[in-house]
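Participant: Okay, handing you the structure first.
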Amino acid sequence: MAVPSSLPLDLASVFERLPNAFMILDRELRYVAANAAYLRVTGSKLEDLIGTHVFSAFPEDSPNVQLLEASFHRVLATGQVDELAALVYRVAREHGLPPEERVWSARHTPLLDDAGKVAFIVQETTDITHLRGTTSATRVESTVVDRALRLQTTATAQDLQLRSLRQMFAQAPGFMCFLRGPEHVFELVNEKYLQLVGHRDVVGMRARDAIPEVIEQGFITLLDNVYSSGTAFLGNDLPIQLQRTPGAVLEECFLDFIYQPIRDSSGAVVGIFVQGQDVTVQHRAELERSLAEARRQFLIEVVPNQVWTSTPDGKLDFVSKRVVSYFHRSVEQILGDGWLAVLHPDDVAAVISRWTHSLTTGDPYEVEFRLRRGDGEYRWHLGRANAERDADGSIIKWIGTNTDIHDAKVTLAELTRRSQYEQRLIGIVSHDLRNPFNAIGLGSEALQRYPLEPGAQRIVARISRAAERATRLIKDLLDFAQARIGSTIPVNPQPTNLREIVEQVVDEIQAAAPGRVIRIGHDGDETGSWDADRLAQVIANLVGNAVQHGSPGAPIVVESRISGVEAVLTVENEGPGIPADEIDKLFEPYQRGSRSSAGAGSMGLGLYIAREVISAHGGSIEVESSPQATTRFTVRLPRFSSSSAPSAATP
């Protein structure tokens, strides 16, 4: 072994036999010495190292090179000891084998020349790769444990060891304490440990007295076993009940920890070093993750949809059991691009185009296509998928569903066809019938101007009334068809006097029902912007219903009010009322109340058309009715439409 010439020969022999790994570098960071332990843990030969630069002997392209080199330069610059608690570095385990990633703890000590200048750097190296599976915080703490063990074998007194560890204890990210003797008396405790046990004053106390709640949980027995056997105990994710706040109830925590026996120079166990990490948050997060995964799997299998996921490039990597059952194909046949085999040939191009667009842009995927069920039938499906992204916004997975919409699509197509046919039929019939009935009405009016026998006069009057009723029905049909086909009844708002419209309509109805009492009233402004003819149609329908269904001896009250930007019209009558189960359907087409008379000449379109007219104005209509009491219809209309509101005065 080569050593600096300044080292006496007997020290070289001691250096060679040290159980820990040591090597010595000169100021140029070239090897000048390495003991047997160092050659063993690095898988090296001494003749290959001497005179070789440390980073040439063990090349590495990771940031750890800078960390190690910086430590060397700190020693050269300050002449002080420098330590690296944990360093990942690729070194071979055995000579001739390729290097592998390992974790090291290193201490760099300067050797000074006669002038006090750093001449050499001594590195003490500890391989801690066995801690690799833990978190980085625990890795640092495990290094502290190793440092404690190393010091206790080289120090001549236990007190010196504890004093050296105090500063490291205080800075450690996990909880630590030292328990002395068979009674496990707290001698050294860091802040993290005090936080764990609720900041109790434990120093100088036996563990069983300081933390009595752990006795029945078996932790004192564990300490006894470690002390008597000299064998460390390692606990992972162990539950423990602790009083985290003074006077509070016990709180369940989960800990990763080690009970490490500490020996004196004779090898006898003198205490136990406790080091660990509170992993309660991680434990609960993992539990929640497991529960969430279980819930996700449950939902996937119970929802009636076919559920699938794909990789970012669009290859299916999961399908639910429902998919396998639906297509009578194995999972392996469906994953990847296998699903294309059950896609209708006519839909392939459109589906691939839409899927490619989503994969490229990240936009949600939605498309309708036909898939071949296990029995060979092609059925329409709605495919949807959304991208799942990581914290950086990158797509990590696509989550999608296929929903069988075949029956709904066929039914909708049939209903659409039937509805279109019905609307066309109503429009054609009502339009073609209007002309002959108009002619009948005009003819009956002309006949009434001639002197006729009383019997003939009655016949002509009956013809005229029938023609008027037929004309009203046809007009209602035209409005209904217009509403259904055009989605709304067209209106033409113009400046209108609401009070005058109410008076005109009531006057006409009063003439047709001379025995009924109709009271009208108005409050506030009178003018607004509405379609006068359509508004009169609404009022006539409401008042006519009140005449027809109200009690003959009770008055009908029609009131209107304009205040600010709103107009309100109410029509109220006394009578048997509207049954509660009919109110919700009252404004639907072809709905006639159960108390309507058979010969009323109505198709049940009046209130439907009234609602559509009011809606076209941007208003609303509602009804309140009590059995054998009052029925009230309330219409609310904006006073001006957006296109007819008066412009503000210009100052």
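All of the numbers you see were taken from the coordinates with simple rules; none came from a lab. Here the structure is a predicted model, which means the values were calculated and not measured. Every residue, glycine as well, gets a Cβ built from its backbone with ideal geometry; the counts of neighbours run over all protein chains shown.
Participant: Taking residue 397 as the anchor, which lysines have their alpha carbon closer than 25 Å to its alpha carbon, excluding any fewer than eight residues away along the same chain?
Facilitator: Counting by Cα, and skipping residues close in sequence, residue 397 has these lysines nearby: 315, 321.
Participant: Compute the label zone of residue 248 within region 170-210: residues whose backbone N is under 17 Å from the point 7 Å along Cα-to-Cβ.
Facilitator: What the label zone holds, given the 17 Å backbone N cut-off, is 192-201.
Participant: Could you calculate the FRET efficiency of residue 582 with residue 317 from 1/(1 + (r/R0)^6), where r is the beta carbon distance between them and R0 is 51 Å, rounded to 0.05?
Facilitator: Computed FRET efficiency for residue 582 and residue 317 comes out at 0.35.
Participant: Once label points are set 7 Å from the Cα along Cα→Cβ at both residue 353 and residue 382, what is their separation, rounded to one decimal in nm?
Facilitator: 2.2
Participant: Sticking with the crude label model, points 7 Å out along Cα→Cβ, report the distance from residue 360 to residue 410 in nm, one decimal please.
Facilitator: Reported label-point gap for residue 360 and residue 410 is 3.7 nm.
Participant: Would you please give the FRET efficiency between residue 328 and residue 420, computed as 1/(1 + (r/R0)^6) with r the Cβ-Cβ distance and R0 = 56 Å, to the nearest 0.05?
Facilitator: 0.90
Participant: To the nearest 20 debye, what charge dipole does region 303-404 have about its Cα centre, counting +1 at the Cβ of each Lys and Arg and -1 at the Cβ of each Asp and Glu? Could the numbers behind the result be given before it?
Facilitator: On the way: 12 positive and 15 negative charges, 62 e Å.
It comes to approximately 300 debye.
Participant: Please order 612, 216, 559, 566 by the number of other Cβ within 10 Å, starting at the fewest. Present the calculation step by step, with values, prior to reporting the outcome.
Facilitator: Working: 612 24, 216 10, 559 17, 566 14.
With the fewest neighbours first, 612, 216, 559, 566 line up as 216, 566, 559, 612.
Participant: Amide H neighbours of residue 92 under 5 Å, at least 5 residues apart or on other chains, H built in the peptide plane: list them.
Facilitator: 100
Participant: Give me the distance in nm between label points sitting 7 Å out from Cα along the Cα-to-Cβ direction at residue 265 and residue 335, one decimal.
Facilitator: Each label point is offset 7 Å from its Cα along the Cβ direction, giving 6.4 nm.
Participant: To continue, here is another question. Ordered by packing density, taken as the mean number of other Cβ atoms within 10 Å over each peptide's residues, highest first, how do 305-311, 217-223, 404-410 rank? Please list the in-between numbers first.
Facilitator: Details: 305-311: 19.7, 217-223: 16.6, 404-410: 13.7.
The peptides rank, most packed first, as 305-311, 217-223, 404-410.
Participant: From the square roots a ≥ b ≥ c of the eigenvalues of the alpha-carbon gyration tensor of region 9-130, which class results: rounded (a/c under 1.5), prolate (a/b over b/c), or oblate?
Facilitator: Working: a/c = 1.64, a/b = 1.23, b/c = 1.34.
In terms of gyration-tensor shape, oblate.
Participant: Compare the Cα positions of 513, 502, 530 along the charge dipole of region 499-539 (+1 at Cβ of Lys, Arg; -1 at Cβ of Asp, Glu; about the Cα centre) and return the one farthest towards the positive end.
Facilitator: Farthest along the dipole direction, towards plus: 513.
Participant: Can you list the residues, at least 5 places off or on another chain, whose amide H is less than 5 Å from the amide H of residue 279, using H built in the peptide plane?
Facilitator: 254, 255, 256
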